[in-house]
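Derivation of every value follows stated rules applied to the coordinates shown; laboratory data play no part. All of these numbers come straight from a predicted model, not from anything done at the bench. A quick note on method: Cβ atoms are made from the backbone with ideal geometry, for glycine too, and the neighbour counts reach across all protein chains shown.
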Amino acid sequence: MATACRLAAPLGLAPLPRGRPAAAVFRCSGKVGPRISVAVVRAANGTSGGEGSAETPEIVKAVQDAWAKVEDKYAVATIGFASLVGLWTAVGALKAIDKLPILPGVFELVGIGYTGPICLVLMQWFAYRNLIFQPDREALISNIKSTYNEITGNSS
């Protein structure tokens, strides 16, 4: 039982009671909060107490329905797993690069040097297309006003 307390306490879990009634809750010498103890008692008694109802949320039902419609579940699971492994690998590579003393600063300068001219070109294109000629300015202003009214719900 002492081993279970040592393993459950860092995870924030209360250990399972053995040889005692289901409503009994043990206190370990760890960081087990009162919410967890109350949740264990509620789960043992079968009461909900206002938090966490027994019905399934809509999003879970929607995911279950979408998963039921999938024909090739093996391929979808494989792609999902490969995506997670790829994301984990990319994060690990970025963390490794970030630990090198010179490369993060160099990459930042390259990024600024690359995006700076692109931003200038985009601003010039926007100005030429929307701001130089009178009809284009009026069309831009009316588009901005209509979008604003659409978002706020105003009809004026």
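Listed values, structure above:
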quantity	calculated
Additional length obtainable on full extension of the chain from T147 to N130, 0.36 nm per residue less Cα span	4.5 nm
Computed label-point distance, nm, for sites T56 and L140 using a 7 Å Cα→Cβ extension	5.2 nm
Value of Rg to Rh for the stretch 87-156 (Rh from inverse mean 1/r over Cα pairs, i.e. Kirkwood)	1.31
Eligible lysines near K61 by straight Cα distance, threshold 27 Å, same-chain separation 8 or greater	K69, K73
L94 paired with E108, simple spin-label distance in nm, labels 7 Å along Cα-to-beta-carbon	1.6 nm
